[in-house]
Structures are given as structure tokens and as C-alpha cells.
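A short write-up of the structure that comes next.
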Amino acid sequence: MDNLNHLLDGFVNVLTPLNLLFAFIGVVVGTAVGVLPGIGPAMTVALLLPITFSLDTTQALIMFAGIFYGGMYGGSTTSILLNTPGESSSVVTALEGNKMAKAGRAAQALATAAIGSFVAGTIATALLVLVMPQVVAFAVQLGSPEYFAIIMLAFVGASMVLGTSRLRGFAALLVGLSIGVIGIDKVTGQQRMTFGIPQLADGIDIVVVAVGLFAVGEALWVAAHLRRKAGGVIPVGQPWMGKQDWKRSWKPWLRGTALGFPFGAIPAGGAEVPTFLSYVAERKLTKHPEEFGHGAIEGVAGPEAANNASAAGTLVPLLAIGLPTNATAAIILTFLQGRGLEPGPLLIEKQPVLVWTLVASLFVGNTLLLLLNLPMAPLWAKLLQIPRPYLYAGILFFATMGAWAVNGQAFDLYLLLGIGLVGFAIRRFGLPVLPLIIGVILAPIAELHLRRSLQLSHGEVSGLLGGPVAWVCYGIIVLTILWPLIARAIRKARGGKGGPGEGLMAELKDEVAA
């Protein structure tokens, strides 16, 4: 009952004219950046970090939450109409959504994506209300060894699940950890990797890192592959769904929600994996298998529901443990740390109004997104006509202004360009961005818990083992690392035959690559 009372207080706070305005701004901006290919909520939140210095913490979080949810909504529009996912989590939507659009059913594809996103987002946010306090009660009992093990699990999960290879994932993580430890050692007072440059003594500001990686790196990458003409957009009328479309969509919405929320809530979950799993599940369960690959509505409804459910799930580890599971959550964590707040078990106790207002804003923002996306779909489609040179020139301008606003030093602009070149390089060589940004943000926290654990055990490595939670985390890490060998042994034992669904997943990956 206490949680429901807090949630009602959160609705009272968010339903004020000013807070509703920030929620509206967030969902509009989030949908717009989700629609535009290559621009996602992570880049947008990174660009807005310097601007929010003068905003109230609650108002800024409400706006960020709207951008986060809106980006998930908007990514489906460009996937369906342009066959170019605006977000990596919308890749699967393009498989069936664009085929539906080419068959003259763009309106139905956009409608099932929007309504499914609303249904999944609402259910997942309700689950967030129920689950988050339980996770907080559990996290209060954890010590430094357990936290260190959980962070190690996040490192390994983010590095091995995402990207084209595990080696590239760990390479990106190593780059992030190297950036994260730059500065003065807080225990010994020695400088690390500063190269005698005084401006690096306090480390590299995460705002400069985030803006450089996402904004400058993406702009340079697009400039290297620039097409001066916008892609051909399939015309779309007013989104609507017939009776048969509703009948075929509601079960995939629920199944997608059931897959998306848990994957968002676990370390290194994110939305990419559950959207793939949702597509595989719908392809297995459909009564119309002949339509898959030619525009099946279930192939849009399920993955889009999983996509938005994972967004709410992401807030569980972020707020309860202080652990981000995707790039946008990592940058929001940076914002909270910059405001002197430490996401984790004590955040709800110390800042209950802030947390529950944020949760209430998710319900409000989700409703606003449905009201905006259905009638305004043709307008969002017109954003796809913006020429890339104008778009990315504006992004570079705001990125430069944001980096300058951090400390007012020209040195930050040089860092911005250098990190932007790193961002370009990791895209060029196929390294995932998420392990890098998580490494930058969590490196100091991991080092803190590592040293505390070793101090408690007087330097004994056994002090890192901790209790059952740490053992489970290390067990999952070992299993994850050894899984290719285990899978190969299973295949040999079966005479070279893959497991059930393995061929379908390989076929799905081929479709995505194409």
C-alpha cells in the first residue's frame, strides 16, 4: 500500500502544468529522434545534459524519460516506412513492417506498433512499480563483493551479447575502462594516464565522452557514407487496424511484453535480444506462417511490444542497484551522479518523491505517445525527408556547444574531437558502443567495490567471492564465456544437428544482414 500511495503522490506531482509540459517536450523530441535514422535517445540525452544544468532534477528526468520512451516509438516508423531502423532495437520490426508497407498496409503496421508499444509500456511500468521495491529490499543486503560481482556480470554480458563478436565486445569494454580510470587515484593520489596534462587530473567528464561517442562519432560515420538525397519514403495515411488485425495482434503484444521486461531488467539485457526472441516466437506460433517474410502483422506487434517493455525494465536495475543496461540508462545515471544522487538501494528512501514522480511520468508519457503517434504518423514520416548534411551539421553544432558548456575550456573541444574519432573508429571496425560507455561509467564504481572487498579481506582474493549472490554471478559469467564450447559439444553429441530453433535464428540473422 505504501508504494501505491507513493505512486499517487507521484501522479500529483507530475500532473502539474510545468511537469506535463516537460513530459510533452520529451515525448515529441524522443519520437522525432527515434524517427531519424542514426539519431537515438542516447545521443539526444547526451546532447541535452549541458542544457539541463539549470533545470530542476525532477523536470529533467521527466523529459529524459519521455525521450527514452519516445525513441522506442519513433524507431518503428523509420523501420516500417524506410526499411532503415532508427534504433538498433527496431531492426526486427523492419523485417515484416517494411514488407507490410510495400504491400499497401503501412497504416496497419504503424497502428499495431503504436498500440502495442502503449500496451507493453503500460504493463511493464506497472510491473516496475511492483518489482522495484522488492529489488531495493534485496539490494540493501548486498555488500561490496556482491556489487563487484554484479558489475563484472554487466561487463561480460554487455561485451558478449552485443556486437558481431565477443572479441570486439571486450575490446570496446577495454577502451571504456581505460577512459574511465584516467585521473588521480583517490586512494594513493597518483596520476593515472594523464600524460602530464593538468586538465586530465580530474578525469574526462562523462558528458564530453557521451557527446563525442554518440554525436560526433555518428556524424563522422554518416559523413563518410553520405547520401545527399533522402531515402524514398512509402506514403502513409491515417493509421488504423481492422478487426482481424486486432485479433492477430493482441497475443503478440502480451508475449512481447513478457519477453521484453525481464531482459530489460537483467544486467546487459537491453532490447535487442528480446525483440529477436519475440520474432522467433511469433514465427513459430503463428497460424499464418506463409505470411512471414512477406509482411506478417505478428512480426511487427510482438517485437515492438518487447522493445517498449524492455525500456521500463531497464529502470529496475538503474534505480534499484545503480546499474545501467543500455546506453540511454548509462547517460541518465551520469546525470543523477552529476546532481549528487547515487542510484541504488538508498535512492528510494532518500528521494521517494523524485523516484515515484519519475515512475508516474512513464504512465503519462506513454499515454501522450499513443495520442501523438496515431494521428501524427504522416507528419513524422516527413521528418525522413530532411537532408543528412543539414541534420548532422546541426548535431555537430550542439555537440560543440554542449562540450564547451561543461567547463568552458578549449581543451574539452580537443577531447570531444578525439573521442569523436574513437567513436568513428569503433563503428568502422564493428565494435559495439554499449560496452564502451558502460565501461567508462562503471569503471570507478567497480574499482571502489574491488578495493573495499580486498580491504575487508586484508588483500585476500577470496574476499571477492562474498555470498551466494556473488557465487551465482561468477557462475553465470563462467557459463557465458564457456557457452560456445558447451554448445559445440552438444552439437557433436547430437551428431552435428543444431538445437530446436537454431536454424530459424540463423535464417533470421541472414535476413537482418540482408
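The values are calculated or read from the model by the stated rules, or taken from the named source; none is laboratory data. Only a predicted model underlies this, so the values are computations on that prediction, with no experimental measurement involved. Every residue, glycine as well, gets a Cβ built from its backbone with ideal geometry; the counts of neighbours run over all protein chains shown. Ligands, DNA and RNA are stripped out before the accessible areas are found, and what is left, the full protein with its side chains, is counted by its heavy atoms. Shrake-Rupley method; radii C 1.70, N 1.55, O 1.52, S 1.80 Å.
Some observations on this one:
- Using a Förster distance of 41 Å, the FRET efficiency for Q134-A410 (Cβ separation, nearest 0.05): 0.25
- Tensor-based shape of segment 270-418 (alpha-carbon gyration tensor, a/c under 1.5 rounded, otherwise prolate or oblate): oblate
- With one equal scatterer per alpha carbon and no solvent term, the Debye-computed log10 I(q)/I(0) for segment 326-373 at 0.14, 0.16, 0.17 1/Å reads -0.45, -0.57, -0.63.
- Set K102/K492; K102/K287; K247/K382; K284/K382; K251/K492; K284/K492 screened for pairs whose C-alpha atoms are more than 32 Å apart: K102/K492; K284/K382; K251/K492
- Label positions at E290 and K382, each projected 7 Å from the Cα along the C-beta direction, are separated by 4.1 nm.
- Packing, as the average of other Cβ atoms within 10 Å across residues, places the peptides 393-402, 115-124 in the order 115-124, 393-402, highest first.
- Extension gain for I51-V353 works out to 106.4 nm (0.36 nm per residue, less the C-alpha to C-alpha distance).
- For segment 168-229, the relative contact order is 23 percent, taking Cα pairs closer than 8 Å that sit 6 or more residues apart in sequence and dividing their mean separation by the residue count.
- Protein accessible area in the chain, 1.4 Å probe - carbon and sulfur %: 67 percent
- Computed FRET value (nearest 0.05) for H225 with L371, which takes r as the C-beta separation and R₀ as 30 Å: 0.25
- In the chain, Cα pairs under 8 Å separated by at least six residues give a relative contact order of 27 percent.
- Rough spin-label spacing in nm, given labels placed 7 Å along Cα→Cβ, for Y390 and R491: 5.0 nm
- Here the 3J(HN,Hα) profile of segment 443-454, calculated from phi with Karplus coefficients 6.51, -1.76 and 1.60 at θ = phi - 60°, is 4, x, 5, 4, 5, 4, 6, 4, 5, 4, 4, 5 Hz, Gly and Pro shown as x.
- FRET efficiency for the A103 to L15 pair, using the beta carbon distance and R₀ = 45 Å, is estimated at 0.60.
- Length gained when the stretch L482-K247 is fully extended (0.36 nm per residue, less Cα-Cα span): 80.3 nm
- Student exercise, the chain dipole from Lys, Arg, Asp, Glu Cβ charges, in Debye to nearest 20: 1460 debye
- For peptides 418-426, 191-199, sequence by mean Cβ density within 10 Å, most packed first: 418-426, 191-199
- Under 5 Å, built H, 5+ apart or other chain: amide partners of I184: R192, G203
- Rg over Rh for segment 1-41 works out to 1.22, using Cα positions for both radii and the Kirkwood form for Rh.
- Virtual paramagnetic centre 7 Å along Cα→Cβ of D2, amide N under 16 Å, in segment 317-346: 345-346
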